[in-house]
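A short write-up of the structure that comes next.
What follows is calculated from the coordinates using simple rules that are stated; it is not laboratory data. Computed from a prediction, not measured in an experiment: that's the story for all the values here. Reconstructed Cβ throughout: ideal geometry from the backbone, glycine too, with neighbour counts over all protein chains shown.
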Amino acid sequence: MASYTGAPPLPVHRRLKRFVITGWNFGLIYSRYKRVQRNKKLSDEERERRYTFEHERNARRLYNTAVSMEGLIIKACQFMSSRADVAPPEYVSILGRLQDAVPTRSWAEVTAQVKRDLGAAPDEIFAEFSRTPVASASLAQVHRARTKAGDDVAVKVQYRGIERVVETDLRNLAWFVRLLARIERNFDYRALMDEYCKYTPRELDFVLEGQSSERVAKDLAHRKDVRIPKVFWETTGRRVLTMEYIDGIKISDIPRLLEAGIDPNQVAQIMTEAYCEQILVHGFFHADPHPGNLMVLPGPIVVFIDFGLSKDLEDEFRTNYARMTVAIMRQDEQAMAETFRAIGFRTKSDDPQALVALGKAFFESSGPEGKAYIDQDVMPEVNERLAEIMKANPVTKIPPDILLIFRVLGLMSGLQKRLDSRVNMMETIAPYAEAQAGPPRLSAVEAAGA
């Protein structure tokens, strides 16, 4: 079996244990919700109360499972907690603790990893190095330190052996996805899983992360409202990354933002503009905007950290994506179908209506008020209508490049919901998309007339 990370998987007994625990927990959670859903005797009020109970109980189970297993299950829970726009508040609250408060590793393990990567112990390389981490995540933890030149830095140290855990989790997840595709033909997520397997191992290479950070910093250097920490290459390796230390406010900490005199809506505007420019103009973007990876300084200035998951778009794809965005905003059905095909979407019968439905769903998900986030009151209706069309003519191919863009849009939507954003998405995106899309293309009839 091909390796995703280059590391061997865990021993069979540990691999099987992770497989069984994951399958058991998600099977149990699924059955709990199905019991509530199928109980026709419940009143609407009682059903809602049962769902609230299950949300809290299941979120706690997922949290405990993630803490005990570590690895990719933590990343999945972090993603869920970032989706305040669609995830129940119980999941956002309970799983949100995993954003930057994952159980830490010992000082002995940190020392061994730094020695392995940089050739000497932390106390020999740095003038000061805190033994207590300031943050811990799914793949690494961060320690505050001071270089011998006097620079205040944050040192990200990868957990020893995490490559083998990631390798095992990817293999297990790929197995579940293949099984689901065979059982439920309309839920074939193999393309998404392939992309996930392609990009997740890149997060284990901190040299690549530092290079990605510098690239986005260069692209956004003209923006005074965006900041990206400097990389210190002399103390950086594949498993240790040293960056400028920035003491900012977590983007989702609304009370602290307000206390500092920072308008959360202005923060949402800056974040949205920065992503529009990264994706539509430069074609290279920070692809993991969960609350643990974005901070705010007075100004306000939005600070982007953790570039482990970044994406590079080819120019042709970027231009076609801009055209697709313009077509969706203008509700131009012919252009929607053409641009969805141009970026790689395919449907079972090649009927453009499935692609038009997809475009309309994106447009309508913000609701009549044009909110910056996906409104929970609107999404059920949109999803139901979209599902009917997709069932008749399912999408058979999704371009891999679009998956991380969708991830970013989803995470941004969750953050904007938390920030109670009043950002007008159409007005914000329009100038970026229109500038990259170029002049509207003539239809065959219009071209003949011209």
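At a glance:
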read-out	value
Within a Gaussian network of the chain (alpha carbon springs, distance under 10 Å), most fluctuating of Lys360, Lys156, Lys417	Lys360
Long-range amide H partners of Thr347 with built H, under 5 Å	Thr396
For the range 417-425, Karplus couplings with θ = phi - 60° (6.51, -1.76, 1.60), whole Hz, Gly/Pro x	4, 5, 7, 6, 5, 10, 5, 7, 4
Top of Glu244, Glu163, Glu124 by mean-square fluctuation, Gaussian network on the chain, Cα under 10 Å	Glu124
Rg/Rg_globular for the chain, with Rg_globular taken as 2.2 N^0.38 Å and Rg from C-alpha atoms	1.02
Cut-off 10 Å between beta-carbons: net charge of the residues surrounding Pro352, Lys and Arg +1, Asp and Glu -1	-3
Cα centroid separation, the range 286-333 to the range 10-80 (Å)	30 Å
Three-way shape label, the range 12-98, alpha-carbon gyration tensor, a/c 1.5	oblate
Gained length - Glu314 relative to His13, 0.36 nm times residue gap less alpha-carbon distance	104.1 nm
Cα shape, the range 137-275, gyration tensor, a/c 1.5 rule	oblate
